[in-house]
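Enquirer: Handing you this structure, nothing more for now.
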Amino acid sequence: MTKLINLKIFPHFFKSSSAGGILLLFAVAISLIIANTNWADDFAEILNIPLGFETESLKLRYPILLWINDGLMAIFFLLVGLEIKREVVEGELSTLKQAALPVLAAIGGVVVPAAIYTVFNNNSPETIHGWGIPMATDIAFALAILSLLGKSVPTGLKIFLAALAIVDDLIAILVIAIFYSKELHLDYLGYAAGVFAFLIILNRLGVKNIFCYLVPGVVMWYLIHHSGIHATIAGVLTAITLPTNDVDKESPLEILEHALTQPVNFIIMPIFALANTNITFESGMVEGLTSSLGLGIVLGLFLGKPIGIFLMSFLAVKGRVCELPVNTNFIHVLGLGLLGGIGFTMSIFIALLSFDEVFLQTEAKFSILVASVLAGLIGFILLKVYSRKKGYQQEV
């Protein structure tokens, strides 16, 4: 009953995420086409056009690519933060019993891929820093593929995947903040902390106006951008301060979440994919999949994700710590684990933070693309064949 209620509360989340995943796929295809035609150099020049303004005290002039990766992605992380807080307050993570399975499964799906990557790259100083790349799950792509299965998979499996991916994103956010920050500038960090404290005070005072949080949030983005911590973290910190509740009345957090879901899924994520998937296929790239970097990413996503998610879920259920969603079994969990291996957007984002060398970024992006395609395809086939064999149809 609970899962049906939750699905009715935010049906647009699932619809927008799955439809956005399909649009994301088109953006990836277009980006690959551009990168392998005569348009590649022109497109690169466009991405390097500086926008904004700069004074002695205010620096806001950056290339378009940086505005996409630091600016637009901050809005993406704002939405992720809103989803996490809402799930903690009133959703699938609001009680220990509900949160146990997706949290434990997400932890397994993070630790095992990172361990696999580290095993292959432990003796490679150039690539060891990329251990966070295979940790991530792309919720838009994963839900898009799951939605293609329609009523042949249980509703509880979709909610399990969404909750798991949200916890996965939370872990990725913490990893980025702690391990992928550059040299810290404590003065800017202190100012940003002051803005964050101000937002918390607004929350405590019961301020409901969303713009009272977003405007200081933009200021905090600027300060964090200059502090050495990746600026996208400002989106998450702003989201944490937005007021919400566990009653039927729509809260400021839910209003903002509803307003951002479609723009993020239909505009921001496709733009990010268009700007960053531009992989120029060259001789030797396939062989690069067998390098320490390639193997760490491909095996981390394609094998590490399903093994970690399945193993932790199995141990948690058998240990009576939690229960599987209604009408699901461990075959479903294995299929879901494979879909969790679609790291794409977040994995590429972490790859860009991990390496400064363009050839390493390109090799990482190609490995992510191959692993995500394999994981998505095998996961879809497994769930499709199993559902057809069992003749399962979700009750309407």
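Enquirer: Using helices alone, I'd like the mean residue ellipticity at 222 nm for the chain: each DSSP H run of four-plus residues gives -39500 (n - 2.57), total over residue count, nearest 500.
Expert: Values: 18 runs with 263 residues, N = 396.
That calculation yields -21500 deg cm²/dmol at 222 nm.
Enquirer: Here's something else I'd like to know. Just to be sure I follow: if Rg is taken over the C-alpha atoms of the stretch 166-211 and Rh is the Kirkwood radius over the same atoms, what is Rg/Rh? Before the final figure, lay out each step's value.
Expert: On the way: Rg = 14.2 Å, Rh = 12.9 Å.
Radius of gyration relative to Kirkwood radius: 1.10.
Enquirer: Separate question: About the Cα centre of the chain, what is the dipole size in debye to 20, counting +1 per Lys and Arg Cβ and -1 per Asp and Glu Cβ, all else neutral? Provide the component values of the computation, followed by the final result.
Expert: Values: 22 positive and 28 negative charges, 335 e Å.
That gives the chain a dipole magnitude of about 1620 debye.
Enquirer: Of the options F314, G304, I233, report the single residue whose Cα projects farthest towards the positive end of the charge dipole of the chain (beta-carbon charges: Lys, Arg +1; Asp, Glu -1).
Expert: In the chain, that residue is F314.
Enquirer: Evaluate the relative contact order of the chain (contact order divided by residue number), counting alpha-carbon pairs under 8 angstrom at least 6 apart; express in whole percent.
Expert: Numbers: 632 pairs, mean separation 115.8, N = 396.
Once divided by the residue count of the chain, the mean separation gives 29 percent.
Enquirer: Another question, then. If you scale each eigenvalue of the Cα gyration tensor by 5 and take the root, what three semi-axes come out for the stretch 274-391, rounded to whole angstrom and sorted largest first?
Expert: In descending order, the three semi-axes are 32, 16, 11 Å.
Enquirer: Could you state the per residue volume, in Å³, of the convex hull enclosing the Cα atoms of the stretch 221-282? Please list the in-between numbers first.
Expert: Numbers: hull volume 8.1 nm³, N = 62.
Residue-normalised Cα hull volume stands at 131 Å³.
Enquirer: Dividing the convex hull volume of the alpha carbon atoms of the stretch 322-367 by its residue count, what do you get in Å³ per residue?
Expert: On the way: hull volume 4.1 nm³, N = 46.
It is 89 Å³ per residue.
Enquirer: Amide H to amide H, which residues 5 or more places from L60 or on other chains are under 5 Å from it, using H placed in the peptide plane?
Expert: Sorted by chain and number, the residues that satisfy this are F53, E54, T55.
Enquirer: Of S152, W39, L202, which is farthest towards the positive pole of the chain's charge dipole, taken about the Cα centre with +1 and -1 on the beta-carbons of Lys, Arg and Asp, Glu respectively?
Expert: Of the listed residues, the answer is S152.
Enquirer: From the phi of every residue in the stretch 278-295, what ³J(HN,Hα) in whole Hz does the Karplus formula 6.51 cos²θ - 1.76 cosθ + 1.60 yield, where θ is phi - 60° and glycine or proline is x?
Expert: 4, 9, 8, 6, 10, 5, x, 5, 5, 5, x, 5, 9, 6, 4, 5, x, 5
Enquirer: Give me the percent relative contact order of the stretch 22-127, please, defined on Cα pairs under 8 angstrom at least 6 residues apart. Let's see the in-between values first.
Expert: Details: 36 pairs, mean separation 10.4, N = 106.
Reported relative contact order: 10 percent.
Enquirer: Rounded to a whole number, what % of the accessible area of the chain do carbon and sulfur atoms account for, probe 1.4 Å?
Expert: Working: 12120 of 17890 Å².
Here carbon and sulfur together make up 68 percent of the probe-accessible area.
Enquirer: Can I ask one more? Kindly report the accessible area of the stretch 223-294 per residue (heavy atoms of protein chains, probe 1.4 Å, no ligands, DNA or RNA), in Å². Write out the running numbers ahead of the final one.
Expert: Numbers: 2780 Å² over 72 residues.
Heavy-atom SASA per residue in the stretch 223-294 reads 39 Å².
Enquirer: Then there's this: Could you pull out the pairs from K59/K85; K158/K208; K85/K249; K85/K305; K151/K249; K59/K208 whose alpha carbons sit more than 21 Å apart here? Could the numbers behind the result be given before it?
Expert: Values: K59/K85 32 Å; K158/K208 32 Å; K85/K249 16 Å; K85/K305 24 Å; K151/K249 30 Å; K59/K208 31 Å.
Violating the 21 Å limit, Cα to Cα: K59/K85; K158/K208; K85/K305; K151/K249; K59/K208.
Enquirer: Something else now. On a full-extension model of 0.36 nm per residue, what is the gain between E282 and L60, subtracting their alpha-carbon distance, rounded to one decimal in nm?
Expert: Values: separation 222, 0.36 × 222 = 79.92 nm, distance 3.58 nm.
Extending this stretch completely gives an extra 76.3 nm.
Enquirer: I want to verify the translational diffusion coefficient of the stretch 78-166 in µm²/s; compute it with Stokes-Einstein, Rh as the Kirkwood radius over Cα pairs, at 20 °C and 1.002 mPa s.
Expert: Details: Rh = 14.7 Å.
Once the numbers are plugged in, D ends up at 146 µm²/s.
Enquirer: How would you classify the stretch 181-292 from its alpha-carbon gyration tensor, with a ≥ b ≥ c the square roots of the eigenvalues: rounded for a/c under 1.5, else prolate if a/b is greater than b/c, otherwise oblate?
Expert: Details: a/c = 3.18, a/b = 1.61, b/c = 1.97.
Cα axes put the stretch 181-292 in the oblate bin.
Enquirer: Continuing with this model, one more query. So what's the Cα pair-distance distribution over the chain, bin width 10 Å, in %?
Expert: Reading upward from the zero bin: 5, 23, 33, 26, 11, 2, 0.
Enquirer: Let me ask something else. Taking Cα centroids, how far is the stretch 56-118 from the stretch 282-301 in Å?
Expert: 26
Enquirer: Any idea which of T137, Y62, L324 is furthest toward the positive side of the dipole for the chain, if Lys and Arg beta-carbons carry +1 and Asp and Glu beta-carbons -1?
Expert: Working it through, the farthest residue towards the positive pole turns out to be L324.
Enquirer: Translational diffusion coefficient, Stokes-Einstein: compute it for the stretch 11-106 using the Kirkwood radius over C-alpha pairs as Rh, at 25 °C and 0.890 mPa s, and state it as an integer in µm² s⁻¹. Display every interim value, and only then the final one.
Expert: Numbers: Rh = 17.0 Å.
For these conditions, the coefficient is 144 µm²/s.
Enquirer: Treating only the Cβ atoms of Lys and Arg (+1) and Asp and Glu (-1) as charged, compute the dipole magnitude of the stretch 79-182 about its Cα centre; round to the nearest 20 debye.
Expert: On the way: 6 positive and 8 negative charges, 30 e Å.
Its charge dipole is roughly 140 debye.
The values are calculated or read from the model by the stated rules, or taken from the named source; none is laboratory data. For clarity, every value in this text was computed on a predicted model and none was experimentally measured. Note: ideal-geometry Cβ built from the backbone for every residue, glycine included; neighbour counts use all protein chains shown. These area figures cover heavy atoms from the full protein model, side chains too; ligands, DNA and RNA do not enter into them. Shrake-Rupley method; radii C 1.70, N 1.55, O 1.52, S 1.80 Å.
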